[in-house]
Amino acid sequence: MDLRDAADALGVHYQTAYACVREGVLPARKAGRGYALSDGDVAALAARRRLGQEPPRPIHVRDWAAQAQALHAAIASGQETAARHQVERLAAGVPVADLCEHVIAPALRRIGEEWAAGRVSIAQEHRASAICERLIAAHARQPAGRPHGTAVVATPPGERHSLPSLMAAACLREDRWLVHHLGADLPFEEVTSLADQAGASLVVLSSARTHMARQAQQAPRVITATRTHLNVLAGRPGDQLHDLLARAASPRAADGNQHT
């Protein structure tokens with residue numbers, strides 16, 4: 001629907017609906033000289049207004065690097081409460097994709113670099129990762145509204161780092177996908193079998209290590225050879241979560257083979 005139809009559905013003036021779009025309260029995409037909005041998003045906002053639940057106002061972060069540095073300091077020293085408080089403040093008005101991409105991932109990347117340089121022990125690296133897993137899980141939201149579809153998220157066989165797939169799962173949930181997150185190190189046949197059971201249209205395989213990512217690039221060809229209806233996205237280290245969401249929403253390539 002267009003913005004005027006959305007304003008009518010919400011029972012507000014056009015300018016009020018426009019302000020909701022500008023402030024990020026009501027998702028919309030530019031369509032010509034106006035905006036296009038989904039019925040589900042408008043209905044979800046209307047339901048919150050009826051319950052007296054005003055949606056959270058977006059937080060505009062001026063310095064993402066400083067936020068990542070503060071989180072790194074907390075997880076490096078095992079201060080989980082401090083890390084949780086920082087993330088909670090941001091999560092009140094920041095999408096999970098931004099939180100993961102600009103704060104959590106850079107903080108963890110620095111922990112990994114310090115481990116490689118011998119400045120952080122394996123136990124300290126595991127502690128930091130475990131803290132971040134709990135932080136992401138605590139803020140994985142499933143908004144109201146019609147789901148885009150069902151997705152299965154995992155890692156390729158041999159990849160034992162589950163954090164990238166957890167981030168992908170949390171972002172897809174916030175984007176109104178019904179997500180089955182399988183964790184790490186699953187054979188392709190197990191992933192596709194569960195995708196069949198769940199009626200999924202999307203499979204996402206995330207990798208933390210480059211050599212695992214190369215193996216994951218085989219996934220679209222292997223999986224779609226027998227499941228031509230599936231959209232298969234194989235992620236690599238450094239891929240952007242916002243790109244994942246855009247590709248997940250796009251029609252599947254003609255040959256069924258896509259990767260992020």
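General remarks:
- Under the Karplus curve 6.51 cos²θ - 1.76 cosθ + 1.60, θ = phi - 60°, whole-Hz ³J(HN,Hα) for segment 78-89, x wherever Gly or Pro sits: x, 8, 5, 4, 5, 4, 5, 4, 5, 5, 4, 4
- In Å², nearest 10: area of Glu101 left accessible to a 1.4 Å probe: 30 Å²
- Ordering of 146-159, 104-117, 8-21 by packing [mean C-beta count within 10 Å, highest first]: 146-159, 104-117, 8-21
- Label sites at Asp39 and Ala117, each approximated as a point 7 angstrom past Cα along Cα to Cβ, lie 5.5 nm apart.
- Student exercise, the chain dipole from Lys, Arg, Asp, Glu Cβ charges, in Debye to nearest 20: 340 debye
- Mean accessible surface per residue for the chain, computed with a 1.4 Å probe while every protein chain stays in place, in Å²: 51 Å²
- Area accessible to solvent at Val179, 1.4 Å probe radius, in Å²: 20 Å²
The values are calculated or read from the model by the stated rules, or taken from the named source; none is laboratory data. Note that the structure is predicted; figures quoted are calculated from it, not measured. Reconstructed Cβ throughout: ideal geometry from the backbone, glycine too, with neighbour counts over all protein chains shown. Areas reflect the complete protein model, heavy atoms only, side chains present, ligands, DNA and RNA absent. Shrake-Rupley method; radii C 1.70, N 1.55, O 1.52, S 1.80 Å.
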